[in-house]
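Asks: Quick one: structure below, then a few questions.
The values are calculated or read from the model by the stated rules, or taken from the named source; none is laboratory data. Bear in mind the structure is a predicted one, so any value in this text is a computation, not a measurement. Glycine gets a Cβ as well: all are built from the backbone with ideal geometry, and neighbour counts include every protein chain shown. These accessible areas exclude ligands, DNA and RNA; they are computed on the full protein's heavy atoms, side chains included. Shrake-Rupley method; radii C 1.70, N 1.55, O 1.52, S 1.80 Å.
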Amino acid sequence: MTVKIFDTPEVQDFLTTVAGFDQDGGNERTKQIMHRLLSDLYRLIDDFDVSEEEYWSAVNLLNALGSQTQFGLLSPGLGFDHYLDMRQDAIDAEAKRSGGTPRTIEGPLYVAGAPQAEGFARMDDGQDTDGETMWLTGQVRDVEGNPVAGAKVEIWHANSKGGYSFFDQTQSEYNLRRTILTDSEGRYTARSIIPSGYGVPVGAPTDVVLKALGRHGERPAHIHYFVSAPGHQHLTTQINLAGDPYTFDDFAFATREELVVPARRSEDAAEIASRQLDGPFAEVVFDVELAKTDAPELQVRHKRPRAMEDEQDQASQLAGTARV
Ligand code: MBD
Ligand code: FE
């Protein structure tokens, strides 16, 4: 037996009351969006004949997600982050802003305030002895191929166990997080370690959702970037290392063909010496192309609550100030 009450005047009137339509206070956009969201969910409950048990187990799951701060993790898993990228791509296309390295999702694990260096930085603290030495380098150019000197390249990635400093308390502060300003030729170089892929913690609420969908929670080995320079469009992107079993099967849907980069292993003594390394290494080259823009708001990353991002930073972003 199924009942259908959604389209009755009682339910429709009830929804307008719940969404505060008959109240003067509050925020008009919030009311509109909440009304739509609640309407869609009420209708879903009717259409799928959602039981009391199902409803309350969903409430319990949401509580678990919130108390373990996992909405930022479930969000890419359910494709929201990639969907927002698809919308930004479409907005750029409509505004005839083409060219440049493709964007892809930021993810939930950026931490503001990493140490800054010019041209070169060592990113790892030397403690992760399982990590293979990585030589990560590239050039930042504009869409005409001119090098961009002084571009701000923020890089963050996981260690050999797939963990990120700050979130993984066993790592030192800002381990595997650096800001590098490009040199006079637009180049940046980092010495670090090859990251491992990330896996959603087994049994965590996000994992419960993914398992119920028959999906896994694995990401390929990847390296995150924010790249910015005055007069250019801020870029949020990542590279995915080629050859990882999850390179093209990422639970967070961040992989893009143009962003898959090989790691080239070298045991060549001359190459090791010229980089002042102590042994074999893997070189990863990622050149970045930035689109031009005069619009200040396109030159900075979008506002979003982020770890260690202080109020001053957020205020300057709101004011559209380019921070280089
Ligand atoms: C990550 O490292 C990540 O980048 C994303 C998007 C989700 C979970 C872990
Ligand atoms: Fe990541």
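Asks: For the pair R215 and T8, what calculated FRET efficiency results from E = 1/(1 + (r/R0)^6), where r is the Cβ-Cβ distance and R0 = 25 Å, to the nearest 0.05?
Replies: According to the calculation, E is roughly 0.10.
Asks: Moving on. When the chain is treated as a GNM, springs tying every alpha-carbon pair under 10 Å, which of H232, H35, H157 comes out with the largest mean-square fluctuation?
Replies: H35
Asks: I would also like to ask the following. Using a 1.4 Å probe and counting only protein heavy atoms, arrange V288, V202 so the residue with the most accessible area comes first.
Replies: Ranked from most to least accessible, the order is V202, V288.
Asks: Using a Gaussian network model on the chain with a 10 Å cutoff between Cα atoms, which of R103, R275, R177 fluctuates the most?
Replies: R275
Asks: Related question: Which whole-Hz couplings ³J(HN,Hα) result when phi for each residue of the range 123-132 is put into the Karplus expression 6.51 cos²θ - 1.76 cosθ + 1.60, θ = phi - 60°, listed in order with x for Gly and Pro?
Replies: 9, 9, 8, x, 7, 8, 6, 7, x, 6
Asks: On to the next question. Need the list of lysines near K31 for cross-linking: C-alpha distance under 23 angstrom, and skip anything on the same chain fewer than eight residues off.
Replies: The qualifying lysines are K303.
Asks: Further, regarding this structure: Using θ = phi - 60° and the Karplus curve 6.51 cos²θ - 1.76 cosθ + 1.60, what whole-Hz ³J(HN,Hα) does each residue of the range 251-268 get, with Gly and Pro shown as x?
Replies: 5, 9, 6, 8, 5, 10, 3, 5, 10, 8, 10, x, 9, 9, 6, 9, 10, 6
Asks: Measuring from label point to label point, each 7 Å out along Cα→Cβ, what is the D130 to D294 span in nm?
Replies: 5.3 nm
Asks: I need the phi-derived Karplus couplings for the range 175-185: 6.51 cos²θ - 1.76 cosθ + 1.60, θ = phi - 60°, integer Hz, Gly and Pro marked x.
Replies: Rounded to whole hertz, the list is 4, 6, 9, 8, 10, 10, 8, 5, 7, 5, 9.
Asks: Separate question: How large is the accessible surface per residue of the chain, computed with a 1.4 Å probe and reported in Å² as a whole number?
Replies: On the way: 17550 Å² over 324 residues.
With all protein chains present, the chain gives 54 Å² per residue.
Asks: Run the dipole for the chain about the Cα centre, Lys and Arg Cβ at +1, Asp and Glu Cβ at -1, nothing else charged, and hand back the magnitude in debye, nearest 20.
Replies: In debye, rounded to 20, the chain gives about 580.
Asks: Could you calculate, for the chain, the ratio of the Cα radius of gyration to the Kirkwood radius, expressed as Rg to Rh?
Replies: Rg divided by Rh gives 1.04.
Asks: Follow-up question, since we're still on this one. Taking a quarter of the surface of the Cα convex hull of the range 1-67, what do you get in nm²?
Replies: 5.7 nm²
Asks: Next question, about the same structure. Could you check how much of the accessible area of the chain is carbon and sulfur, as a whole percent, using a 1.4 Å probe?
Replies: It is 54 percent, rounded to a whole number.
Asks: Additional query: For the range 73-302, give me the percentage of DSSP beta bridges that are antiparallel, rounded to the nearest 5 percent. Provide the component values of the computation, followed by the final result.
Replies: Values: 30 of 46 bridges.
Antiparallel bridges make up about 65 percent of those DSSP assigns within the range 73-302.
Asks: Another question, if that's okay. Taking H as built 1.01 Å from N, whose amide H comes closer than 5 Å to the amide H of A158, not counting residues under 5 places away?
Replies: Close amide H contacts, sequence-distant or interchain: H222.
Asks: While we're here: May I ask you to rank S184, S165 by accessible area, largest first, using a 1.4 Å probe over the protein chains only?
Replies: Greatest to least solvent exposure: S184, S165.
Asks: I need to check one value: relative contact order of the chain, counting alpha carbon pairs closer than 8 Å and at least 6 residues apart, in percent. Spell out each step's value before the answer.
Replies: On the way: 587 pairs, mean separation 61.4, N = 324.
Contact order relative to length: 19 percent.
Asks: A58 to D22: FRET efficiency via 1/(1 + (r/R0)^6), r the Cβ-Cβ distance, R0 25 Å, to the nearest 0.05?
Replies: 0.30
Asks: On the principal axes of its Cα set, how long, how wide and how thick is the range 230-280? Give whole Å, largest value first.
Replies: Each principal axis gives a Cα extent; for the range 230-280 these are 38, 38, 15 Å.
Asks: Can you give me the long-range amide H partners of A291? Hydrogens built in the peptide plane at 1.01 Å from N, cutoff under 5 Å, separation of 5 or more residues or another chain.
Replies: Sorted by chain and number, the residues that satisfy this are T101, Q233.
Asks: For the range 74-147 and the range 5-46, what is the separation of their C-alpha centers, rounded to whole Å?
Replies: Each part reduced to its Cα centre gives a spacing of 39 Å.
Asks: In what sequence, largest accessible area first, do F14, F251 appear using a 1.4 Å probe?
Replies: From most exposed to least exposed: F14, F251.
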